[in-house]
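Inspection log for the structure reproduced underneath, given as structure tokens.
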Amino acid sequence: MSTTSSSAVTLASINPKVLKCEYAVCGEIVSHAQLLQEDLKAKPGSYSFDEIVYCNIGNPQSLGQPPVTFFREVLALCDHPSILDRDETHALFSADAIARATEILDVIPARAAGGYSSSQGTKGLREVIAAGIASRDGYPCNADDIFLTDGASSAVRMMMQLLISSEKDGIMCPIPLCPLYSASIALQGGFLVPYCLDETTGWGLETSELRKQFEDAHSKGITVKALVVINPGNPTGQVLEEENQRQIIEFCKKESLVILADEVYQDNIYVEEKKFNSFKKIVRSMGFCDKDISLVSFHSASKGFYGECGQRGGYMEAIGFSYAVREHNYKLACVNHCCPVMSGQILASLIMNPPKPGDESYESFSIERDGILSSLARRAKALEDAFNSIEGVTCNKAEGAMYLFPRIHLPKKAIEAAKAANSLPDAFYAHRLLDATGIVVVPGSGFGQVPGTWHVRCSILPQEDKIPGIISRFKAFHESFMQEFQD
Amino acid sequence: MPPKPLDYESLNENVKKVAYAVRGELYLRASELQKEGKKIIFTNVGNPHALGQKPLTFPRQVVALCQAPFLLEDPNVALLFPADAIARAKHYLSMTSGGLGAYSDSRGLPGIRNEIAEFIKRRDGYPSDPELIFLTDGASKGVMQMLNSIIRNDRDGILVPVPQYPLYSATISLYGGSLVPYYLEEEENWGLDLDNVKKSVATARANGITIRAMVIINPGNPTGQCLSEANLKEILLFCYRENLVLLADEVYQQNIYQDERPFISARKILLDMGPPISKEVQLVSFHTVSKGYWGECGQRGGYFEMTNLSPQTVDEIYKVASVSLSPNVPGQIFLGLMVNPPKPGDISYLKYSAESKAVLDSLRRRAHIMTDGFNSCKNVVCNFTEGAMYSFPQIRLPPKAIEAAKKAGKAPDVFYCLKLLEATGISTVPGSGFGQKDGVFHLRTTILPAEQDMPAIMASFKKFNDEFMEQYENYRGFSRI
């Protein structure tokens, strides 16, 4: 007879890879925040802050960022195409949105946005994306190299499924690292080979470090299969120099590693002196073709200035794959999701083919885009300066992406208190920060850091008018925390 | 020269083992022919809108408004959208924290999960806990998540009905588990005989397999049969005794074409059975917006409901869900609308129920047209499609045809289906993609082509089939089981 302890699916009998997987961005700190939020609702005024500010996750629209109007017009029309040919529609929608929706529906079989598309994503939309990539990079792009997915995260998971057969299969990842990668590798049962970014040089990436870690892994019997590079970086925000990218490519070519280039923040660059160069562009500019190197580049509708996280739009462009591998990738796509969500597919095509000068919506579109991007740049600077002005906190510039990753120099007493509370020091700090200010950040240990250093990741996404308040509450908390735990 | 990481030899072995016929050889060949200009009737996937079924109006109005909330402020919005759609859009937007573009809770918006819990309560007569309902991008993702949580190694076996929807076999391969097939009885209208299940379990255990879970698909895919109350009871009792988690794929619960066996959820039967069974048997139930009379496959809206899983297990499943951040929000709203449709008195109610009824009535008629059409061929035996969206006729192939198939290097049913495709443009899925007994051949087609096209399609099939039989045999001597 079954009893609860011998039930089929318990903690004791669940897949151990599931147990091993961690995802700090949505971890303990968030559960704590949610409890506080409920408490705040039930007993307003009982805390020194009146709202929880979620700086733990890159979720712009949840913090008040408006969607791009043109994109939403097109999506609404694709959702409800029966109004496309009604006169009243022109009173509510811009003419170019109506035209674009019509164009999109024309490439969807049976004009049925509610039908399954090809598992790789609707061909006509992939063609639009390919054209957008070609125009961005100046090199041709093949629509068949593109796999649309439910957010870039799904594409990352697919690649891990393809690459990892056993715990001897290694994937090189930057530390600090977006925990999607550590979690996906753990779920697939592979081996994470860390390479450290150098905090003292603005999170610089040295090929000597790549070589060192590669050889170390090799000596442990690990077959290193791929190298993850996040550009612009998450959580670190640095934008790679072209020369750096070339060195990485040379290294991967030499060691036959697949490059997994996470480029989801390509539209989030805040410093004049840096610009985004896709790995595809650099690979091609070095004269490398498909037989020379395998590269998978990820992009997403969740970030940039469009911030459409909830729509789950994303894609990967995979070059340098043999036909046999491409077939398996296709098969995986079929099994994993039947087809990617249609609204996400449409968004991806809009992002790679936005309104152009001369289009009716171009002016309002560029005002919206520039408004959001310049605001993000200001917020990145304001928070960076604020962190650096605090004694005991140092913070590298956020050249891009959506986060700051300040280093908090924690006194010994604080570290001991954390230990006593059975908590990692940065988690201890983050929970205390939350209790005192309502600000939710993610402890750096969720991303990896050099042992003995402590960080938190804070997004730059709260609306601009909230930033001064956040800064002053953070400063006040930090001062009192340091006073409490000073050596 | 060592193999490169993405050379074929280095690929994850489990990926190589995966087979997924629904979009396999036949589909690819059909796509090629389509490119060459041939008219193809795609009956390989349950994809209603692609075959002309119109989306229901109300949900599309609501989601369009949610995508473009600035419309709600526009004085002209009432020209195009009825008041209840406007109100409902506001209702769903208020559930989000930032509209459709913000990640929701990784389990889905609490408001939608509440609506689903209410629906389940109305349907089954028992309360349902929204905390145990997780939304996913399509039910398939939920199935994969659960199997991933259950399968630890290649000795973990999952009981799967044969014929089955190949998501199960593919996923089990991908996660390195063991598929333990139990055969449905074609002669008993694809009935589930528990003795078959017990036999399969015994064989698997003798081979060192630990049976962890049992999958039921109700109504069945590709077989369409609806499980009786008695069937469900004995299955639940069996899971109780053998300590198995029951995975109840109920995505076709709205697609029922006979009146003798209406849909009853596994959960209702479980709770009807009372303690200790009702408190012990672990059950996960799956549902979707892709089927029913909604057919919104491209929106990727699905959910699973967990019963009798421990809070710690639920937490682990939540954790894995959080790695994917959140299910797509428009799909979640479709789910909410499906479980909470317009009610009598609502402005859109009459149109909504007329549209829904039209689709369902037509599906029922098409189920009959197709079954009868197949049965009118001497070498074809087809069980009636009691539910779901497919027809799964048995094609009795003469020995010469089987030989010809062998010569062509193809399985006999693949050979037949390819010939059918080339001759008529009808793209089906060979039965081998779903599993069948040795020497017995089927194909799966959907009942989704437009009703007015059905007679012509069935005539075209019959013409092809009779010519095929002429070519490979006279009507004596077909292969029997």
Under 1.5 on a/c is rounded, so check that first for segment A:2-74, then, if it is not, pick prolate when a/b is larger than b/c and oblate when it is not; a ≥ b ≥ c are the square roots of the alpha carbon gyration tensor eigenvalues. oblate
Which peptide among A:47-56, A:60-69, A:199-208 comes first, and what is the full order, when sorted by highest mean count of other Cβ atoms within 10 Å? A:60-69, A:47-56, A:199-208
For segment A:23-112, state the semi-axes of the equivalent ellipsoid (square roots of 5 times the eigenvalues of the alpha-carbon gyration tensor), sorted largest first and rounded to whole angstrom. 42, 16, 11
What trypsin sites (Lys or Arg not before Pro) in segment B:332-369 are in a loop by DSSP, with at most 10 other Cβ atoms within 10 Å of the Cβ? none
How far is it, in nm, from the label point at B:A423 to the one at B:E9 when both lie 7 Å from their Cα along the line to the Cβ? 4.5
As a Kirkwood estimate from alpha-carbon pairs, segment B:364-442 has a hydrodynamic radius in angstrom of 13.3
Relative to the first principal axis of the alpha-carbon coordinates of chain B, what is the inclination of helix B:83-95, with its axis defined by its Cα atoms, in degrees from 0 to 90 and to the nearest 10? 80
If r is the Cβ-Cβ distance from A:K220 to A:K43 and R0 is 56 Å, what FRET efficiency results, to the nearest 0.05? 0.55
Taking 8 Å as the Cα distance limit and 6 or more residues as the minimum spacing, I'd like the relative contact order of chain A as a percentage. 21
Using a Förster distance of 45 Å, the FRET efficiency for A:E250-B:K407 (Cβ separation, nearest 0.05): 0.30
Along Cα→Cβ, 7 Å out, is where each label goes; now give me the distance between the ones at B:E467 and A:A110 in nm to one decimal. 2.6
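How high is the FRET efficiency between A:E103 and B:E451 when r is their beta carbon distance and R₀ equals 41 Å, given to the nearest 0.05?
0.85
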Greater than 25 Å separation of Cα atoms is the criterion. Which listed pairs, A:K254/A:K281; B:K38/B:K463; A:K43/A:K419, meet it? A:K43/A:K419
Between segment A:258-306 and segment B:128-201, what is the C-alpha centre distance in whole Å? 40
Shape call for segment A:68-206, from the Cα gyration tensor axes a ≥ b ≥ c (a/c under 1.5 means rounded, otherwise prolate when a/b beats b/c, else oblate), comes out prolate
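Quick check: residue separation of A:A134 and A:E479 times 0.36 nm, minus the Cα distance between them. What number comes out in nm?
Full extension of this stretch gives 119.1 nm more.
Report relative contact order for segment A:426-480 in percent, whole number only (criteria: Cα-Cα under 8 Å, sequence separation at least 6).
35
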Residue-normalised 222 nm signal for the protein assembly as shown, counting each DSSP H run of n ≥ 4 as -39,500 (n - 2.57), nearest 500 deg cm²/dmol, is -13500 deg cm²/dmol
Dipole of the protein assembly as shown, positive direction: furthest Cα of B:L309, B:F392, B:I217, with charges on the beta-carbon: B:F392
Could you give the nm distance between label points at A:S322 and B:N375, where each point is 7 Å from its Cα heading toward the beta carbon? 5.1
Give me the number: length gained by fully extending A:D292 to A:E28, i.e. 0.36 nm times residue separation minus the C-alpha to C-alpha distance, one decimal in nm. 90.7 nm
Could you give log10 I(q)/I(0) at q = 0.11, 0.12, 0.14 Å⁻¹ for chain A, computed by the Debye formula over C-alpha point scatterers of equal weight, without solvent? -0.99, -1.16, -1.47
Within segment A:455-478: backbone nitrogen closer than 18 Å to the A:D50 label point (7 Å, Cα to C-beta): A:463-474
For chain B, what's the relative contact order in percent, using C-alpha pairs closer than 8 Å and at least 6 residues apart? 21
Mind jotting down the three principal axis lengths of segment A:318-374 based on Cα atoms? Whole angstrom, largest first. 46, 24, 23
With Cα coordinates, the longest principal axis of chain B makes an angle with the long axis of helix B:311-323, in degrees rounded to 10, of 80
Just to confirm the filter: which trypsin sites (Lys or Arg not before Pro) across segment B:5-96 are DSSP coil and have at most 13 other Cβ within 10 angstrom of their Cβ? B:K38, B:K39
What shape does segment B:99-339 have by the C-alpha gyration tensor, where a ≥ b ≥ c are the square roots of the eigenvalues, rounded means a/c under 1.5, and otherwise prolate means a/b greater than b/c and oblate the rest? prolate
Cα extents of segment B:209-306 per principal axis, largest first, Å, are 38, 30, 25
Starting from the Kirkwood Rh over alpha-carbon pairs, what translational D in µm² s⁻¹ does the protein assembly as shown have by Stokes-Einstein at 4 °C and 1.567 mPa s? 44
To test your reading of the geometry: what angle, between 0 and 90 degrees and rounded to tens, separates the Cα axis of helix B:110-124 from the longest principal axis of chain B? 60
Taking a quarter of the surface of the convex hull around the Cα atoms of chain B, what do you get in nm²? 26.3
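Readers should treat all values here as calculations from the given coordinates under stated rules, not as data from a laboratory. Remember, it's a predicted structure, so these values are computed and weren't measured experimentally. Glycine also receives a Cβ, built like all others from the backbone with ideal geometry; neighbour counts cover every protein chain displayed.
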